[in-house]
Number of protein chains: 2
Amino acid sequence: MLDLRRLEILHRFSARGTITATAADLGYSPSAVSQQLAALEREAGIALIERTARRASLTDAGRELAEHAARILDAVESAESRMRARVGAIGGRVTVSCIPALAPALAPHLAELQRGHPELTVVAHETGSTTAAAAVLDRRYDLAVIDDWSAHPPAEGTGLSVHRLRREDIVLALPSGHPLAEQPGPANAARLRQIVGDRTWLCAPAGQLSRAAGDQRLTSVGAVPPRRWEFEGLHVLAALVAAGAGVAFLPAGIAREQAGVTGLRPVPRMQRTILALTRTTTREDPAIAACLQAAKQALGSGH
Amino acid sequence: MLDLRRLEILHRFSARGTITATAADLGYSPSAVSQQLAALEREAGIALIERTARRASLTDAGRELAEHAARILDAVESAESRMRARVGAIGGRVTVSCIPALAPALAPHLAELQRGHPELTVVAHETGSTTAAAAVLDRRYDLAVIDDWSAHPPAEGTGLSVHRLRREDIVLALPSGHPLAEQPGPANAARLRQIVGDRTWLCAPAGQLSRAAGDQRLTSVGAVPPRRWEFEGLHVLAALVAAGAGVAFLPAGIAREQAGVTGLRPVPRMQRTILALTRTTTREDPAIAACLQAAKQALGSGH
DNA sequence: TGTTTTTACGGGGTGCGTAAAGATA
DNA sequence: TATCTTTACGCACCCCGTAAAAACA
């Protein structure tokens, strides 16, 4: 009979692509991963991996078995979650991913949860929104907090549960002393063109959701900034706006917290959604549910 | 992570009810089963078994986990079958169940298959039709050959694949010298009443499908036998009919092969269906497919 | 030369069966 | 007393990490 831990190794290998990375993810040595994959091949009776001295890759059979492994591991995870739900105890290890901008708000709530439940281990990393969904499905994380700058957040499906935590307005952030900041009224297309055309445009690096959403709005109103500066991190952008380095689209909350920044609401309205992602197979796990609850408290609509 | 072999033990225990029987089914000692179930409880973190010195039984959590285990094992079995299908080699161990009346016809074909494939191990048992479906779903057998005396054989569903091998007429078997046997024409209701009312009625023990189907026909035509003798095995009944001990419903093939027996076709027609059952999860397993093919050759409609 | 993978080897853990004991009908 | 279950114990096996080697960029 196929071995479950070996199937997990194959599944992880299929997601990561190298034995070394697989070993790092699972806390094994590369040697162990190599040996276990070889043993799995013996069990399956068919070559799963094409071996090069420099690189290992899946064969067709390996890819198919990895897909089966995903379903098997889903079923096992469901069973484990159900058993834990019966016990009701909050414990074990929960891995959480959070986008950097929200981590400071989330971390204290997770720490408090951990304080109340000594059996619980929370491992939190910071990851961007774009890769989080795949990482949760890959079991690299049990819970991911992301933001989505598109008008309609992604629907459920493919084993992912989407929990909407909050909707937040996006504002055009200007230095408070800026003459255009004092003018009343929202930032419609004409005003946007006027402001953007005059100042350095501050935005996230390409590939970020906030960058794509901002670019789209600028294009749609025909605003062309004279200069673009790219910086990582919404709080960094906020500080740059306050220092007079330029203007940017920022979540209203971040703009409000940053002294020396005034936010103008664009028309039509722009929003981002703060989402939490879990696997549907772990929906009943009390530890993960508790972490999700903590995220709702930390980031939910009441704040 | 839950261990797959332990889940298999739990699943088998849930089907068999005692640790001793579970151990016998799986080829373990009762000690090993007891230890593994205890380890599974530790892994699951919840009591799965209510322990009495004399008897072990599942708790609610144990029952639920056993259901999960069934799904998990299904998924694993599917994966294994797919891998074996990719290899295409006919090998491994296949457990077959056959109703006693058909075993003599089936066994030579299985033996020949085994001769052609040294890697293949076939384990054949004889089991009645009534328990075979559950036994296949329980993984006690991979393939079961049964007969069904009702008008409409069971449909697929719940993970069972039904393969129709043959339809066979049922005849009213009389000793060849019997005056009523020589009269031409079929056995309609009036003639059935006449024959049955005069002779000892030979039939299978209660609980057999052939018994239920025969009783139903006698009742529907209002035939009341003066005496009933119950014997196990259709060939035994045929021999008794030939010896002049009475009359019986028998499959046409069995009646034809028995010297000294004449078969009258009842009106309306009675039939039984020879079926093979497999799990849908093993449908692609080449070894099981080959055994099914052998059964079709041995028992199929061409014979 | 550095990275990735595999093989050799040793130690620790796990799981099995045997044997014995406990418990119950 | 006979059966079912559990515990004690020892042995074999398996698995992992360390170390070294091989292959390739």
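The values are calculated or read from the model by the stated rules, or taken from the named source; none is laboratory data. None of the values given here were measured: they were computed from a predicted structure. Methodologically, a virtual Cβ is constructed for each residue, glycine included, from the backbone with ideal geometry; neighbour enumeration extends over all protein chains shown.
Data for the structure
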read-out: Cβ-Cβ under 9 Å pairs, at least 6 apart or on other chains, the stretch B:1-22 side under 25 Å from B:A53 (Cβ atoms) and within 11 Å of chain A (Cβ to nearest Cβ), far side in a loop (DSSP other than H, G, I, E, B) and aliphatic (A, V, I, L, M); value: B:L10/B:L48
read-out: B:A124 being in contact (Cβ under 8 Å) with a residue 24 or more places away in the chain and not in a helix (DSSP H, G or I); value: yes
read-out: Test for B:A75: is it within 25 Å of the chain's Cα centre (by Cα) and either away from DNA strand D (no atom under 11 Å from the Cβ) or of a type outside the set (D, E, K, R) (or both); value: yes
read-out: Unique match (being more than 17 Å from the chain's Cα centre (by Cα), surrounded by fewer than 17 Cβ atoms within 10 Å (Cβ to Cβ) and under 26 Å from B:A105 (Cβ atoms)) among B:S150, B:S220, B:S176; value: B:S176
read-out: Residues (in the same structural domain as A:V123 (by TED's automatic domain parsing), among the small types (G, A, S) and without any contact (Cβ under 8 Å) to a residue 24 or more places away in the chain) located in the stretch A:65-110; value: A:A103, A:A107
read-out: Whichever residue in the stretch B:11-32 is closer than 20 Å to B:T95 by Cβ and among the aliphatic types (A, V, I, L, M) and, among such residues, is farthest from DNA strand C (Cβ to nearest atom); value: B:A15
read-out: Whichever residue in the stretch B:70-83 is over 24 Å from B:P30 (Cα atoms) and more than 7 Å from chain A (Cβ to nearest Cβ) and, among such residues, is surrounded by the most Cβ atoms within 10 Å (Cβ to Cβ); value: B:S81
read-out: Residue ID - farthest from A:A89 (Cα to Cα), chosen from residues in the stretch B:40-62 that are away from every other protein chain (no Cβ under 14 Å) and more than 6 Å from DNA strand D (Cβ to nearest atom); value: B:T52
read-out: A:R93 vs. criteria within 28 Å of the chain's Cα centre (by Cα) and facing another protein chain (nearest Cβ under 9 Å); value: no
read-out: Among residues of the stretch B:204-231, those that are acidic (D, E) and in contact (Cβ under 8 Å) with a residue 60 or more places away in the chain, counted; value: 0
read-out: Any hit, the stretch B:85-102, residues being within 30 Å of A:R93 (Cβ to Cβ), surrounded by 17 or more Cβ atoms within 10 Å (Cβ to Cβ) and more than 11 Å from DNA strand D (Cβ to nearest atom); value: no
read-out: B:L40 away from DNA strand C (no atom under 16 Å from the Cβ), modelled with pLDDT of 95 or more, under 26 Å from A:A70 (Cβ atoms) and not assigned by TED's automatic domain parsing to the domain that holds B:G159; value: no
read-out: Out of B:R283, B:R265, sole residue that is out of contact with any helix residue (DSSP H, G or I) (no Cβ under 6 Å at 6 or more places or on another chain), within 24 Å of B:V136 (Cα to Cα) and touching a residue at least 24 places away in the same chain (Cβ under 8 Å); value: B:R283
read-out: Search result, residues across the stretch B:45-59 that are touching a helix residue (DSSP H, G or I) at 6+ places or on another chain (Cβ under 9 Å) and not β-branched (V, I, T); value: B:G45, B:A47, B:L48, B:E50, B:A56, B:L58
read-out: Set B:G260, B:G244, B:G207: member being surrounded by fewer than 22 Cβ atoms within 10 Å (Cβ to Cβ), within 24 Å of the chain's Cα centre (by Cα) and not assigned by TED's automatic domain parsing to the domain that holds B:G159; value: B:G207
read-out: Any hit, the stretch B:138-154, residues being within 14 Å of another protein chain (Cβ to nearest Cβ), under 30 Å from B:A47 (Cβ atoms) and in contact (Cβ under 8 Å) with a residue 40 or more places away in the chain; value: yes
read-out: Among (1) buried (at least 16 other Cβ atoms within 10 Å of the Cβ); (2) more than 12 Å from DNA strand C (Cβ to nearest atom), the one test that A:E67 misses; value: (1)
read-out: Enumeration of residues in the stretch A:5-39 that are under 21 Å from B:E77 (Cα atoms), within 8 Å of DNA strand D (Cβ to nearest atom) and small (G, A, S); value: A:A39
read-out: Some residue of the stretch B:26-36 being more than 10 Å from chain A (Cβ to nearest Cβ), modelled with pLDDT under 95, over 14 Å from B:L65 (Cα atoms) and under 23 Å from the mean Cα position of the chain (by Cα); value: yes
